[in-house]
Structures are given as C-alpha cells and as structure tokens.
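Only the coordinates and a few stated rules stand behind these numbers; no lab work does. Just so it is clear, the structure is predicted and the values come from calculations on it, not from any experiment. Here the Cβ positions follow ideal geometry from the backbone for every residue, glycine too, while neighbour counts run over all protein chains shown.
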Amino acid sequence: MAKTVIHFILLTIALLLAQLIGSKIALWNVAMPIVFIYLLLRLPINLHTSWVIIIAFFLGLTVDTFSNTAGMNALACTMLAVMRRPVFYLYVLRDDDEQPNPLPGSDTIGVGPYFRYMATLTLAYCTMLFLIQAFTLRDFPLTLMRIGASSALSMLLLMATDSLLSRKSEERL
C-alpha cells in the first residue's frame, strides 16, 4: 500500500512537470499535449467518487496555478472524475472484474478496451477545456481543430506513457 502511494506521488510530480513544460509547447498553435490526466485515468475504479473528484480538482488546480488558466483545468478534471467510472463500465463488463480493485490500464483490461476508455475521456477533457478557453463560437473551426489535434497528440502520449509504466512490460524484461 505504501509503495503504491509513493509511486503515485512520484508519478504525479513527474507528470505535472511534464505537463507544465508541455503546456508551453503548442504545435502550430493548435495541438497541446495533455499528459497529466494519465493519473486520473489510472486511479482504481472502486475508489470512492468523492476522493476521485477531490484528487482531480487539486490536480487541475495545480496545473491552473502554474499555467495561469484560471480554473479551466480544475473544471475539466472534475468533469473527467465524474465521467470516469461510467465510461469504464461502458467498455468493460462488470463480470470481467477479476480484481477487487481494478486499475484501468492496457495490462489489466486489455489494449482495446483501455484505448477506448482513454480516448473517450481524453476527447471529453479536451472538448471541455477548449470550449471553456474559447468561450465563443466565433472561431469554432479553430476550436474543433484544437480539440481534435490535442486529443490525438494526448492519446498518443498517454498510450506511450502507459506502455512504459505497465506491469507487462516489466515482466517481459
């Protein structure tokens, strides 16, 4: 238990630093990498929703504080925390839960279901974030491009992160 908490804290620090560096980089002023939501995606599914919402809010608030985005990430993370469990059970049957406290990941639920789970939540997060950021329909095509490009880039980075941190890759070595 303590090892898991320490691992989560170190992963939080590493991903927040990566996000703060990555938020300064916007490819062609359209695609922004979002990697810190990996922490929310990998929280145990049976963790009480209140705790997930609290963790998500403070995680988003931390990014907002250093990115000067005035609560946009905190709102999008809170929305992601609420959607997480229903989206998980949309792609994974409850009977498939072999573990009492399943951790979503490609090593536990399979690559296909995990990719759909991750893609749905990443798209929802990017949609919420960029619609709040634009707060107008005047440049709607640009907003749609930002949502699509940021979602695609983030999904690529999240799958890469998951493949690096998954337990199956450690067993293969």
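Shape analysis of the chain yields a ratio of the Cα radius of gyration to the Kirkwood radius, Rg/Rh, of 0.96.
The gain in end-to-end length when the LEU165 to GLN133 segment is fully stretched comes to 8.4 nm, 0.36 nm per residue minus the alpha carbon separation. Exposed loop sites here mean trypsin sites (Lys or Arg not before Pro) with a DSSP loop assignment and at most 13 other beta-carbon atoms within 10 Å; the chain contains its longest site-free run at 25-137. Take the Cα of VAL111, step 7 Å toward its Cβ, do the same at LEU144, and the gap between the two points is 3.1 nm. Counting other Cβ atoms within 10 Å as a rough exposure proxy, the listed residues CYS126, CYS77 run CYS126, CYS77 from fewest neighbours to most. Modelled spin labels at LEU27 and HIS48, positioned 7 Å past Cα toward Cβ, are 4.1 nm from each other.
Using C-alpha pairs below 8 Å separated by at least 6 residues, the relative contact order for the range 2-172 is 25 percent.
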